[in-house]
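The values are calculated or read from the model by the stated rules, or taken from the named source; none is laboratory data. Model, not experiment: these values are computed from the prediction. Here Cβ is always computed from backbone atoms with ideal geometry, including for glycine, and neighbour counts include all displayed protein chains. Areas reflect the complete protein model, heavy atoms only, side chains present, ligands, DNA and RNA absent. Shrake-Rupley method; radii C 1.70, N 1.55, O 1.52, S 1.80 Å.
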Amino acid sequence: MLGEKLYNAHYNHPKPNILVIGDVMLDHYIFGTASRLSPEAPVPIVNVKNENKIIGGAANVACNLIDLGASVSLAGITGDDAFGAEIKAILQTKNIGAELILKDSTRTTTVKTRVIASNHQIVRIDQEDTHDIPGDLEDIFYTALLPAIKESDIVILSDYNKGLLTPSLSLKVIEACHQLNKKVIVDPKGLDYTKYKGAFIIKPNRKELAEAAKTEKIHSQADLEAAAKVIFDVTGTDYLIVTLSENGIAIITPESCSILPVVANQVYDVTGAGDTVIATLAYCLGLGFSIEEACTIANYAASIVIKHIGSATTTIEEILTEITAK
């Protein structure tokens, strides 16, 4: 039974050491009520009741890993500003190593502010710079990464296309991981997947895969396999794990394609669900599970977090409860 195997691995196996490299950001939530329109414009007036700030992007992947039980180091870039300092402070409270969070004086820290009234998102306000990090900072960052890569069991590239994971940096990291026999799992963004060449797993969602494969839409399994072939040809990856929203998760190799059906029966907010999937994949692979087993467990994990508003995490205990309930 998968549940029993997960229980034994989680409680009797050393914690996997996982390095997360990617775009860190701050998610700012403003909660309130909206019962009337503004006389100044046809927009709701939100009466603020409370607000919350949590770390997002690659930092949310790290939070997911911590809550699952992994040992985690996080590497990324912030602006040299108060928001960046706030991210580091939150990381410290969560026991996530932040020594590899460097500052870039040429950018502002990415902040996404969501205004939510009566469980409905009214607006999202983004503050960010997305230009590539300067070449000299990239060199410093890469050099700092090498000892952490050596100490890790698995490396995650959490790409939000905010300028950290340039093609040259991504390829250098993947090559270093190859030399050290470390598996790389990528959560991709953008249209150029050549920068992920050599990764062990690439995990796009259906829309991201269609865009990267330059196909209009993916409607069927045949469409899925055709789009996947394009990515295999340019990356040589071992596996494409494609999240399909209400249709589950696809596990694709150059020779095969299988789809795990969705297990969620309630969906309130898919924000951050991809982070949960990639974190659970990495954690389970670090415990020695097969790809199929890791994807099945990740499917259960996603079914838990999408029941919550905003980015959420889950624990092995909750996943075991979900597996048992099915």
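Cβ-Cβ distances below 9 Å connect the following pairs, each with a first residue in the range 209-222 that is closer than 17 Å to GLY190 by Cα, a second residue that is among the hydroxyl-bearing types (Ser, Thr, Tyr), and a separation of six or more residues or different chains: LEU209/THR215; ALA212/TYR193; ALA213/TYR193.
Would you check which residues across the range 112-129 are assigned to a strand (DSSP E or B) and open to solvent by 60 Å² or more (accessible area, probe 1.4 Å) and list them? Step through it out loud before you land on a result.
Let us first name the residues in the range 112-129 that are assigned to a strand (DSSP E or B), namely 112-117, 120-127.
Once the filter is applied, which keeps residues that are assigned to a strand (DSSP E or B) and open to solvent by 60 Å² or more (accessible area, probe 1.4 Å), the range 112-129 yields HIS120, GLN121, ILE122, VAL123, ARG124, ILE125, ASP126, GLN127.
Looking at the range 169-221 only, could you name the residues that are within 19 Å of ALA75 (Cβ to Cβ), of a type in the set (Asp, Glu) and open to solvent by 60 Å² or more (accessible area, probe 1.4 Å)? Correct list: GLU175 only.
Of the residues making up the range 143-168, those that are surrounded by 14 or more Cβ atoms within 10 Å (Cβ to Cβ), among the polar types (S, T, N, Q) and under 23 Å from ASN64 (Cβ atoms) are SER152, SER158. Only helices (runs of 4 or more DSSP H) whose full extent lies in the range 222-326 are considered here, and the ones with at least 2 residues that are crowded, with 21+ Cβ neighbours inside 10 Å, hydrophobic (A, V, I, L, M, F, W, C) and at pLDDT 90 or above are 273-286, 291-305.
Rundown of residues vs (1) in contact (Cβ under 8 Å) with a residue 40 or more places away in the chain; (2) buried (at least 18 other Cβ atoms within 10 Å of the Cβ); (3) closer than 30 Å to LYS150 by Cβ; (4) out of contact with any helix residue (DSSP H, G or I) (no Cβ under 7 Å at 6 or more places or on another chain), yes/no style:
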| residue | (1), (2), (3), (4) |
| --- | --- |
| TYR7 | yes, no, no, no |
| TYR29 | yes, yes, no, yes |
| SER35 | no, no, no, yes |
| ALA62 | yes, yes, yes, yes |
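Check whether at least one residue in the range 87-105 is out of contact with any Pro (no Cβ under 9 Å at 6 or more places or on another chain), of a type outside the set (D, E, K, R) and more than 30 Å from LYS150 (Cα to Cα), and report yes or no. Scanning the range 87-105 turns up no residue that is out of contact with any Pro (no Cβ under 9 Å at 6 or more places or on another chain), of a type outside the set (D, E, K, R) and more than 30 Å from LYS150 (Cα to Cα).
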